[in-house]
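The values are calculated or read from the model by the stated rules, or taken from the named source; none is laboratory data. Since this is a predicted model, take the numbers as computed values, not measurements. Positions of Cβ are backbone-derived with ideal geometry, glycine not excepted, and every protein chain shown enters the neighbour counts. The protein model used for the area step is the full one, side chains on, heavy atoms only, and it has no ligands, DNA or RNA in it. Shrake-Rupley method; radii C 1.70, N 1.55, O 1.52, S 1.80 Å.
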Amino acid sequence: MRLNKLIIIILASMMLQTNILKASDECFEGVSRSIFKFNMGFDKAVLKPVSKAYNKLPEPIKDGTGNFTSNIATLLSIPNFVLQGNFKGAGDATGSFLINSTFGVLGFGNPAGAMGLNVQKEDVGQTLATYGVKSGCYFVLPILGPTTARDAFGLIADSYVDPFSIATWREKDFLGASGNKIDFIAVKSASAVDFRGDNMKNFDSLEKNSLDLYSSMKSIYLQSRLKKIQNSDELSEDDWGNLDN
Amino acid sequence: MKKLFLLVVTIIFLNNSAFSVTYNSNPKIFITELVEDAIKTLSDKSITDEEKKKTISRIALENVDINALGLYTLGNIRKTVDKDILNSYQKLFEKYFLKSLTSRLSDYSDNKFEVLGSDQKSSNYTIVSSKILESNNQPEIKIDWRVFTKNPNKPLIRDLVVEGLSLARTQKEEFASILNSNNNDIGALMAKLEEFISK
């Protein structure tokens, strides 16, 4: 409990600096690079081999796993849509969760997607961004990977607003549903393996062609977060500056 | 003498026409033709890997704005670097780019590709949307091509945006990190490029 408080205090003090620091600024690059190295070791020793084995499973099992973890992740989007004042989004996410959990057999199928109800994933980090909170400095977490001060704070806050986390990680009864930490870890691990399996070729290609993999991953993470916050694929036109002349 | 001259000219012409392919200037058709050509080359079992690399390099040299890409990825220090050093960097970058491109394209050459449409953003840029179709263990990948159309008769590719992530920007930030860790010394970046090329 003391450690939890300490982490929150550290993140809160980093959050206070979010308007000064840019996402591209590092909180503690040396430490982050060491953690990144550890994460790469973990990937090589555990995640990649497991994901390779997972990729050999029949397609319906992999699709079902992806749908199941994605459906559970929708639960986090619902309160975040409400906090962002996006009630249509909240309605769509609720509809998608209910349809997939019932007609989709506990979320293993995705009938909501087939009906055109594709829900954007939202979390507290994105919600804070819509409130104008800047990302703050960048760092790498063990196992969990790249993040920023705002997103790390959001990650902890997620466990207080996400119904699935409340019922499992916090082991509190939520509308009659309950679980434990093992359920939480199992679903998050399945989600990580499914994602890693889907991106096997992309990761290998990135690793092979990077001069500095740490920086490539940082750039990809920051671009990806910006895209999710803006809910858009629109490209920045001024990035090319005066090269057009 | 006249005959010899004609013979030389004919050989040069035949060489050029055999190795130079001109694609359509409409950005959407340009990307379709170019990618089909690249995939056909990479999946051709009758030619050696070396010949494949040569063909892909030629296609890229003629249709990708490698010079602009090299300057863009260098960031602001391109304005202060000595001209000769900048030229050496550009030559190294070209080699690095061609090696990296061939490797990336080879990774995806067995996938099916489809061009979806194009959107003219300005007189200088058109974005061509495409996708790599879903295959075993690989979900569908959305790819946007930033095509530089300042010269409408000769479109040039400047960036690939994979699922909303710009490869040029990723490259630029990767280079910036190397420069930052080495007091903005372009020599350190060039050493890294050389190391990659010689791998």
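Kindly evaluate A:PHE103 against the criterion of being modelled with pLDDT of 95 or more and more than 18 Å from A:ASP198 (Cα to Cα). For A:PHE103, the condition - modelled with pLDDT of 95 or more and more than 18 Å from A:ASP198 (Cα to Cα) - is not met.
For the range B:158-170, which residues satisfy the criterion of being of a type in the set (A, V, I, L, M, F, W, C) and either open to solvent by less than 30 Å² (accessible area, probe 1.4 Å) or without any contact (Cβ under 8 Å) to a residue 12 or more places away in the chain (or both)? Steps first, answer last, please.
Narrowing the range B:158-170 to residues of a type in the set (A, V, I, L, M, F, W, C): B:160-162, B:165, B:167-168.
B:VAL161, B:LEU165, B:LEU167, B:ALA168, listed by residue number.
Beta carbons closer than 6 Å, at least 6 apart along the sequence or on distinct chains, pair a first residue in the range B:171-193 that is within 8 Å of chain A (Cβ to nearest Cβ) with a second that is of a type in the set (Asp, Glu) for B:GLU174/A:ASP212; B:SER177/A:ASP212; B:ILE178/A:ASP212. Taken over the range B:112-137, the criterion of being aliphatic (A, V, I, L, M) and not in a loop (DSSP other than H, G, I, E, B) is satisfied by B:VAL115, B:LEU116, B:ILE127, B:VAL128, B:ILE132.
Taking the criterion of being over 15 Å from the mean Cα position of the chain (by Cα) and open to solvent by 40 Å² or more (accessible area, probe 1.4 Å), the only residue of the range A:134-151 that qualifies is A:LYS134.
Please work out if A:ILE220 is farther than 30 Å from B:SER103 by Cβ, at pLDDT 90 or above and either open to solvent by 50 Å² or more (accessible area, probe 1.4 Å) or within 14 Å of chain B (Cβ to nearest Cβ) (or both). So that I can check it myself, show each step before the final result.
Working: farther than 30 Å from B:SER103 by Cβ: no; at pLDDT 90 or above: yes; either open to solvent by 50 Å² or more (accessible area, probe 1.4 Å) or within 14 Å of chain B (Cβ to nearest Cβ) (or both): yes.
No; evaluated as a whole, the condition is false for this residue.
Inspect all residues belonging to the range B:148-157 and state whether any of them is within 10 Å of chain A (Cβ to nearest Cβ), surrounded by 16 or more Cβ atoms within 10 Å (Cβ to Cβ) and within 26 Å of A:SER51 (Cβ to Cβ). Before the answer, list the steps.
To start, the set of residues in the range B:148-157 that are within 10 Å of chain A (Cβ to nearest Cβ) comprises B:148, B:150.
Filter once more, so that each one left must be surrounded by 16 or more Cβ atoms within 10 Å (Cβ to Cβ): B:148.
Among the residues that remain, those that are also within 26 Å of A:SER51 (Cβ to Cβ) are: none.
Looking through the range B:148-157, none of the residues is within 10 Å of chain A (Cβ to nearest Cβ), surrounded by 16 or more Cβ atoms within 10 Å (Cβ to Cβ) and within 26 Å of A:SER51 (Cβ to Cβ).
The residue list A:LYS48, A:LYS22 contains one member that is at pLDDT 65 or above and open to solvent by 40 Å² or more (accessible area, probe 1.4 Å), which is A:LYS48. The residues of the range B:109-134 that are in contact (Cβ under 8 Å) with a residue 24 or more places away in the chain and open to solvent by 50 Å² or more (accessible area, probe 1.4 Å), listed by number, are B:ASP110, B:PHE113, B:SER118, B:GLN120, B:SER123. Determine whether A:LEU175 is open to solvent by 50 Å² or more (accessible area, probe 1.4 Å), at pLDDT below 90 and away from every other protein chain (no Cβ under 14 Å). Taking the combined requirement at face value, the residue satisfies it.
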